[in-house]
1. Could you run the Karplus curve 6.51 cos²θ - 1.76 cosθ + 1.60 with θ = phi - 60° over segment B:122-132 and give me ³J(HN,Hα) per residue in whole Hz, x for Gly and Pro?
2. Just tell me which aspartates and glutamates come within less than 17 Å, Cα to Cα, of A:Lys306; anything on the same chain fewer than 8 places away is out.
3. Need the C-alpha centroid separation for segment A:149-216 versus segment B:106-125, integer Å.
4. For B:Thr278 and B:Lys358, calculate 0.36 nm times their separation in residues minus their Cα-Cα distance, and state this gained length in nm to one decimal.
5. For the pair A:Asn165 and A:Leu186, how long in nm is the line joining their label points, each one 7 Å along Cα→Cβ?
6. Ordered by residue, what ³J(HN,Hα) values in Hz, to whole numbers, does segment B:238-253 give under the Karplus form 6.51 cos²θ - 1.76 cosθ + 1.60, where θ = phi - 60° and Gly and Pro are x?
7. Which Cα, out of A:Phe473, A:Ala603, A:Asn428, lies furthest along the positive dipole direction of the protein assembly as shown (beta carbon charges, K/R +1, D/E -1)?
8. Can you tell me how segment A:77-180 classifies by the Cα gyration tensor, rounded, prolate or oblate, using a/c under 1.5 as the rounded cut?
Amino acid sequence: MNWHARILGALLLLTPLVSAAAQVANDANYDFAWDIAPRLTQAGCASAECHGGATGRGGMKLSLFGTDPRADYAAIVEDLDGRRIDRLDPARSLILRKPTLDLDHGGGLRWNEEDHAVQVLREWITAGAPYRGAEAFQPVALELLLEQRGEGSHVRAIARDADGNATHVTDRVVFQCSDPFALRVLQDGRLDEQNPQAKAWIFARLGQLDARVYWRGSQSIEVERVEERADESRLLRRLYFDLLERWPTTDDQRRYFAAAPQSRYAAEVRRLLDGAEFAARFDRFLDAWLERPAMAPSRSEEAVFKLDRIARETLNRSARAAAWNQRRDPRDRAEAFAKSYLGLRLECARCHNHPFDRWTQDDHLSFAALFVDARPDGAAGKFFDPEQGAVIAPRFLDRSSDADRSWSEPAALANWLIADQRERFAINAANRLIAWTLGRGLVEPLDDHRTTNPPLDEALLAEVTEQLLASSFDVRDTLFWLLNTDLYQRATRVSHGALEESTEPDLLAARPVRVLDRDELLRAVCRALDAPDPETGASASPLSSELELLHGERIEAALHAPGNLLSVLAEFGGADEVAMIEELYLALLTRSPTAAELRVCQATYSAAPSSLAGLRAVARAMILTREIGAHR
Amino acid sequence: MKSIGRREFLAGVAGAAAWPWFASHALASASSASKQRALILLWLDGGASHLETFDPKPFAPTEVRGPFSSTAGVREDLQICERLPRVAALLDRCVLLRGISSGEGNHDRAATFLLTGHPPSGVLTHPGWPCWIDPDLSFDPEAPLPRYIALPTAPNASRSGFLAAPRGPVEMAIDLQRACLALLYLEARTSIDASLDLRNALDALDGAPRSEAEATRDRFRLQALALSRSKAARDAFDLKLETAADRTRYGSHFAGQALLAARRLIERGTRAVLVNWTGWDHHRDIGKELGYGFPAKLDALDQALSALYLDLERRAMLDRVVVAVATEFGRTPRINLQGGRDHWPRASSALLFGAGLKRGVVHGATDARGEEPLEDGIAPSRIGATLLRALGVDPTHEVMAPSGRPIALVAKNASPLLDVLT
């Protein structure tokens, strides 16, 4: 021990004798849960690698990230007969000597003698190490403020009690940032910009309280929102591809533009949603979302477009077992269920609790216990704690006990999903419908709804969720509403010169452009050219996709298919090359060519030895363009 | 309006530093290529039976032993299926792994475990470990070829995962129908020059890309065109340039020509070639499926694999090329009622040879019926750890995953099998 601390210790030893009155005041002011535990958490003492680990470290065990202050108080003040604190000589407390490296400490130096945290702990021990003083500050809310001070930016955390009194707590909250590549938040609240062009959320936690604030990098650019409606033929193309995975035929386009302009868009949306082609597309959407087996479930007529009934039927069908029995570990099944149906990544709680996450390891294990196979005699199977060996009682998330429920009773799972988790299921479904139609979810990744990954626009997600609930989970009604919003009908941003990754507009600023994958593009091209659907299935790397588009057999087959649009045009188009090229443009790009485009296409067409060869050369060029592969 | 010619179109991107290998000039110099280790991975997709390949049980009851016996050999532990005699003759120079064991009996999940080196996770799509052959992403700007190629397709688990797409495999189909055995997609059947010129003109009229996604696709389109126009690249893919004797030695079947192509590509600067041989999922008539045909699967495997070994030896490439034959799981020790075998992830096997690997080593063993490993099984993730180590890559090296979490190249508990490494 250095001489400085010795003297300080001696002085502190005298303190209770000289100032009993002061001690009473101190005693009343301290609160372990708000003043002490958060400082240990912030210093990293309660992390999984240290004392927060499942078995603690070096004989001392704290709750992970300080989630259980009562237990931590017991560990510090009561365990080892209270040897970790020394009320008579606070400076000699193990809880101070270890982290300041006055004694050997496996975790190394956490605090210096002069750190504020050390002073606070010392005063708290001097005050008798109370769990909660009578007049201790009791925060009920936490807020974050962004400030510009001197050179750099800071975030400041403020806690308020029920009367509105505020106190600074920046020195004891745990910060986290939604994009650690963009920003690091230092312990004292200083912001270390990694990417000044980015934006991110900053979160802070103090005990059970949390708060967040949105941070815009010092060089971040606010992208101007695109408000104008997309060109109508572009919109029609977008609508057809989103709902039917093909572009409108020339007949579709003529019929559409012959109708009354005021009502034709809404009428077309309704017509497409009611058609059989959409039902098939919707099936593929469900297959991808709910991991349904390839075998199509026999959905009863009225349930076809109701998501709650679809979920119930999918869960109830024995087919589900086939899809999920590939996962032997009940935890894998529970995680797969949570991912699809609730949009939750429960697996994060498999290894340890996370400071901002709602679900604990206990929640994860008891939920997994619901997914244990029934025993051959029909009795519910048991799930044993993989580490401790004890039987885990099954329990749904958010519920206190469900010992009677089990995997062998899938109706219980469906009931819980549709009744208890109605809101969460609806939010997840709404976000998926948004991603389907707008190209990107308000929450991304789609299966990662959590506090530290908030939606891009909470009000908008709530509005779509409200629509879904109001229509009793009817997908067609909700899509009809969504497709008629201004948000869906907006134009994409027109060329904006040099592109930088960080200026990519978000979903709200402009319609995102999606690039079709090889099979999507090939299928749409074949349908537009009246050629047979290509064989699809295997995915491919971007480079081999491009190589195939250049030289592959499937393009060749579409261009040479007997009776395709090209051969019909060549046979009946006569000598009117302009009309033929216009027809190709309508079929492949849903628009007429500009004068300049027409001119270059005519040149290529005329250079070919025959009309059919000319049309093939033009069509092949169009299939290779940037425009046809981009869903704008 | 000025139309942009094909050459100008290419010239405009020649300086794109992120895509250096498409510089269409000379091959990588032999010296730079020879310094770096390279991988040839023969993937038997579907789950090849361990009992009919590298872990036969000739003394087990018929329903376990199956249709084939084993090779006679001096060392009992070096006996393999009798239909692999040419490979058997080389076993004193190879590493045999037996008792690769996991709980994953589903194709995708098991393949993920072995090919990514991590247990399957719902949260993070790990890249296939061959993507890590160059973990620092130090592209060789002189190399004319993609660094990682899959023939003819890539299993999902071998793809780029959370890494950017250029780090994943580039698939190249092999055309066995055409006598030339050239690789597909590199030459047009008909001239498409007129269409390419028109395409460039139309793209120019369209203006700049409207999003990062479009700009990224533009780069791949340029790369594809450059690759198909580079003589060096096209020669690398052209098996007609191999001698007739070599092509015959490897065999006129997919496995033979694909492994020959793999050797050819590695010689010219590619760092990893995954040969994806599909059709090893034999739930019925396993004896017929493996033992009959023109050629039979096992005969093709025997011919192609032994030819590859001898060819690499003759060309003095064994000290820089790592070769592995692996599959997602083994098959049920007891033959089922359809005469086939079902999925059995408890006891699979693999064969390795080449750079960084010992010779004539058998690691692990299974019980008398090929049901369970005798001692601790080999976790599938350890195969990747071992092969990365043989390739000179540290499997414990950590990279940042998109969530900002550091991730080791293969799972932390997957240690390399040190007793098979030199």
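1. Working through the residues one at a time gives x, 8, 10, 8, 6, x, x, 5, x, 4, 7 Hz.
2. Qualifying aspartates and glutamates at Cα under 17 Å: A:Asp274, A:Asp283, A:Asp287, A:Glu423, A:Glu466, A:Asp474, A:Asp477.
3. Segment A:149-216 and segment B:106-125 have Cα centres separated by 37 Å.
4. Numbers: separation 80, 0.36 × 80 = 28.80 nm, distance 2.87 nm.
Between B:Thr278 and B:Lys358, full extension yields an extra 25.9 nm.
5. So the label points at A:Asn165 and A:Leu186 sit 3.2 nm apart.
6. Ordered by residue, 3J(HN,Hα) equals 9, 6, 5, 7, 7, 6, 4, 4, 4, 5, 5, 4, 6, x, 8, 9 Hz.
7. Final value for the positive-end residue is A:Ala603.
8. On the way: a/c = 2.48, a/b = 1.45, b/c = 1.72.
Since a/c reaches 1.5 but b/c is at least a/b, the shape of segment A:77-180 is classed as oblate.
Read the figures in this text as sums done on the coordinates, not as results from a lab. In this text, all values refer to a predicted model and were calculated from it rather than measured experimentally. No Cβ is skipped: glycine too gets one built from the backbone with ideal geometry, and neighbour counts run over all protein chains shown.
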